1. Scanning for something open to solvent by 10 Å² or more (accessible area, probe 1.4 Å), over 25 Å from residue 395 (Cα atoms) and in a helix (DSSP H, G or I), does the stretch 307-330 turn up at least one residue?
2. Determine the pairs where a residue that is closer than 15 Å to residue 838 by Cβ, located within the stretch 262-275, has a partner that is at pLDDT below 80 and among the hydrophobic types (A, V, I, L, M, F, W, C) with Cβ atoms under 8 Å apart, the partner being 6 or more residues away or on another chain.
3. If you take the residues of the stretch 33-48 that are touching a residue at least 12 places away in the same chain (Cβ under 8 Å) and of a type in the set (A, V, I, L, M, F, W, C), which of them is nearest to residue 128 (Cα to Cα)?
4. Under 9 Å between Cβ atoms, at least 6 apart or on separate chains: pull out the pairs that start in the stretch 580-606 with a residue that is over 15 Å from residue 666 (Cβ atoms) and free of Cβ contacts under 8 Å to residues at least 24 places away in the same chain and end on any residue that is of a type in the set (D, E, K, R) and open to solvent by less than 30 Å² (accessible area, probe 1.4 Å).
5. Give the residue that is farthest from the chain's Cα centre (by Cα), with candidates limited to residues of the stretch 67-119 that are of a type in the set (Phe, Trp, Tyr) and more than 27 Å from residue 130 (Cα to Cα).
6. Is it true that some residue in the stretch 119-129 is at pLDDT below 90 and either outside the structural domain of residue 72 (by the TED database) or of a type outside the set (S, T, N, Q) (or both)?
7. When you scan the stretch 645-664, how many residues do you find that are polar (S, T, N, Q) and either open to solvent by less than 20 Å² (accessible area, probe 1.4 Å) or not in a helix (DSSP H, G or I) (or both)?
8. Taking the condition at pLDDT below 95 and in the same structural domain as residue 699 (by the TED database), does residue 830 pass?
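The values are calculated or read from the model by the stated rules, or taken from the named source; none is laboratory data. Being a predicted model, the structure only gives us computed values, none of them experimental. Every residue, glycine as well, gets a Cβ built from its backbone with ideal geometry; the counts of neighbours run over all protein chains shown. Accessible surface areas use protein heavy atoms only, side chains included; no ligands, DNA or RNA. Shrake-Rupley method; radii C 1.70, N 1.55, O 1.52, S 1.80 Å.
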Amino acid sequence: MDAKTSNGGSTTTTTTTSNGSSDVRIDSKTFNQRLRSLYQSWENAENDALWKSADCLVLALGAPNDQNPYQKVTMMQSWLFGYELRETLIVFLKKSIHIVASQKKISIFEAIDKPEEGEQKPFHFHTIDKSDNNKANFESVIAEMKKSKTGKHMGVIGKEKYLGDFGKSWEEAIESSGMEKVDITQGLSSLLAIKDTQELVLMCRINYLLPSAVQKNITYSAKISDKVLMSFLLPRIEKIIDKEEKESHSQLTEFTLDVFNAPEKISTRLTKDTVDYAYMPIIQSGGVYDLKFNATSNEDNLHFGTIVVSLGARYKTYCSNIARTYIIDPVDEQQKNYQLLLNVQNQIIKQLKPGVKFSQIYEKATQVIEAEKPELLKYFLKSCGYGIGLEFQESYANISASNQKLIKGGMVLNVVVGFQNIEAKKFKDDKSKLYSLMIGDTVSIDDEGKVNVLTSECGKKPNDVFYFISEDGDTMDDSTSAKHDPSLVLEMTDDLKAITGKKRDSKRTAEEKRKDHQNMLAQRNLEETEAKIRAMEKKTTEGGSKQGTEDYSMFNNPLTLYNNGPAGYPSDVVKNKITIDMNKESILLPIYGYIVPFHISTIKNVSKTEEYLRINFNTPSSFTPEQAELVPKQLLFIREVTFRVQDIRTLNNYVRIIKEMRKRVTTRETETRDKSTLIAQEKLILTRGRFPRLADVSVRPTISGRRSLGNLEAHDNGLRFNPTGNKDKTPIDILYKNIKHALFQQAEQESMVIIHFHLYDALMIGKKKSKDVQFYSEISELSQSLDVTSRSMSDELEEERREREIKKKLNTEYQNFVKRVEELVPGGGFEFDIPYRDLAFYGVPNVNTVLLQPSVQCLVSLLETPFFVLTLEEVEIACFERVSRALRNFDLVFVFKDYSRPTIRISIIPREYFETIKEWLDSCNIKFYMSERNLNWKRIMVEIKSDLKRWKEDGGWSFLDPQGDGGGGSGGEDSDDDEDYEPTESDVSSDYLSSQSSMSSDYSEEESEDSGEDWDTLDSKAAAADRRSNIDESQINNLNQNQKRKRDPPPPAKKPTTKGAPIPKKK
């Protein structure tokens, strides 16, 4: 098929099969919504100026224009259908839609479902006929165009040319049609300017400001632009300045292009077919500046003065932009002008509200400049930005003095302000005579009018862009410039006043920056706690807290055994003998001459000691207070019974059967309880035709207790695993909406490639309830040689080569499957998370030592069961325990934002990972503390929950950080004053710390004073001690026998004893 997938708005899914063909499906819901928007705008009389009273709308594409990647027709095709349609004509009429295309493309349109609401415009298809260059098709379509409305005005895209044989043939047809052509570019631009929910979800990546409607407000494209500048280009420029190297502007452009061409450097989840640059990156300095986005970087070397940088990214055809100005040793004039420009941009962003005219925004910007420094108006740019999205420059939303159109919710704008070629009054060299300033950001406006800056991570405040490296240069210092020149103090917004006059500190260490960031996180936690308290108080005033629901069904369903009394006992019951009834799942015990039946569920455990059988029962002492209330007070309970069984084989048989029966009943009850608490899922909608599929994969947990092989398939609303190697052929269905985290781990140093799903609601897999489902393939099993004879070196090399090939093949197959699933999921917000091997560390989250790997959203261990998946977003703080130079390892505790959840401890982490984990936690915005000992977290959380308000007033988690160093904690590893420490009253009486130390002394002070004798003295003392003892081996054996006989005997075997209940009288 001659089509190029662009995934504009994630409206299509492409599945490539082994034979190379492509199965493309259009997202019917999204297409119908956008088609309805097109017709509503076109038929609205108020929009006649945009659509020029067109009687029909034409989208025609022959061959694409390689010189113009932002053709309006391809942008509209991407917006409507999700990919570029070459040699395709689409004509929108008042009551129908006519399409001229190949048969394969027509089959795609035929698969579009009808809209849920409203009527669908009927499609009329015309198959391409190259025998007459589609002359008959075009004549038929033009005849229908003349029947639409007045039939006089043909709406076309004015400035675009028709290329290729198909395009030229269509151009000839419309020239001879007799219809008047009108330009509908503005009407189409108005549609692209408003970003719907699908586009916002496609463009989003990380949770930041909006909590509900738009959960993720940073676009992929904006995030990439931010990352490229902040993490790649800016460090490169700083290195050139620090080392006084020579590198041209064009070389820096090539460096930036190399980053875009290797998107895995930006993020391991990005691929070349989804990431591109929106335009050639522009780096300018040395007095030669052009602030237009069609400018180019020249061959001059980077000048250490005013540096203007601008770049933009494209992600799945969606564009973004960022521009920054960096100044080395700025003079007072430059500092003042930059602060003014920053204030102008800030005022523009605040004025961006739905219903405001774009011309009013530009007028407000000029008013700010005129009030402060009117002489700079002549240098100010004629436009303050424009709309951005599928097109890099959407002229409909141009922020200029002449644009009278209104701002609308859902728009995404590139807000750019700048002064071009200012003549400096004071300069350090000839290249500094002229300088320019520019600041640009990508911002979005939601339906409620809230503006979100999407490229906010790369700083633009003075302390982010001013570099002071000259010893005698003109710097900005509170004690000099601000005091002697009052004109430097501008009337600025509150968020800029705080940083005015701050000098960039290049000598701050990474540890100091981390401590500052940790202090900020501590303050954020206090604010979140305040919000929790307000929510609790509001909930209490509205009707109290919701009581937890416990499952007490086991108490409400009384057991019934032997309704007929002793007549219903098994026939083999014998007096004074234990009988096990497998049918009734009960044990009949002889107690003082009576046979008393007990159901197996009443038994807590069973054990044996020599020839004695001990049975412990469940009693109310082990119940919770709520459960104990359900038990009648007048009842008496047997806690345990002990029987003597002289036949060892019979005793062992009793123990074995009781344990097996108890295990079977417990498993059945657990399975029944798990099934009763399962949340019902929607029905899986199977895809007709081709769909992504992985063959011969294994699943964990297993279905029937053994390894389960099968095929993993991706369908419309979920995935299905069809077992092939088990008797149980019940499929496992996983809906996309039930997946909390999707993880993909390639086989690099490991011997298996993994796709892992951590779910919101658990599923029953076999007989087990699980929130984690994993599909994997093992490389070692596929590459294992069946030749058991001795092998040569060449055989081993061949096996290693074969294993590498299998590993590469499986990685590719899984990666392709993951990519197709991401494209298939409606809305485009579904992504697989990839663990970072570079940040991995060893620890014990459960029982065994495992490799723990951080990812963007989680901390995971996926190689061994039980799986470990920790959602970082749910963590409030982390606490390092047993942090001491004397220990080789430490522990790490995670405390959740939901205080009712138990904390998670990862033990025995090697000390070598300490700094790496600290840096990782800080990068994840998780506040961490340190302690020299293990804390009693159960007691701490009980104290916190008992009075959350008082705990917050006492400083919240500050009790873990008495020194207030932003992450040092109680007794961190850098403390060298342990010997001078004296506990204060607050340390002893703390309500939140455990009162028990994890370390204790095993020797007294007097004993420690005796140490210091040499080896000769110790040897002589040992020999004397041996002579004094004078005990041979036979005496030691006799002593052991005597001690064995002196031990207390077990209870007498004549009668069984009972505890916790009166002994029944014999009738």
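1. no
2. Matching pairs, first to second residue: 264/270.
3. Applying the filter and picking the extreme gives 35.
4. Hits for this filter: 588/581.
5. Start the filter on the stretch 67-119 by keeping residues that are of a type in the set (Phe, Trp, Tyr), which leaves 70, 79, 81, 83, 92, 109.
Remaining after also requiring more than 27 Å from residue 130 (Cα to Cα): 70, 79.
Values: 70: 32, 79: 27 Å.
For the stretch 67-119, the residue satisfying everything is 70.
6. Filtering the stretch 119-129 for residues at pLDDT below 90 gives 119-121.
If we keep only those that are either outside the structural domain of residue 72 (by the TED database) or of a type outside the set (S, T, N, Q) (or both) too, we end up with 119, 121.
Taking every residue of the stretch 119-129 in turn, at least one turns out to be at pLDDT below 90 and either outside the structural domain of residue 72 (by the TED database) or of a type outside the set (S, T, N, Q) (or both).
7. Just the residues of the stretch 645-664 that are polar (S, T, N, Q), to begin with: 646, 650, 652-653.
From what's left, either open to solvent by less than 20 Å² (accessible area, probe 1.4 Å) or not in a helix (DSSP H, G or I) (or both): 646.
Of the residues in the stretch 645-664, 1 are polar (S, T, N, Q) and either open to solvent by less than 20 Å² (accessible area, probe 1.4 Å) or not in a helix (DSSP H, G or I) (or both).
8. Details: at pLDDT below 95: yes; in the same structural domain as residue 699 (by the TED database): yes.
Yes; evaluated as a whole, the condition is true for this residue.
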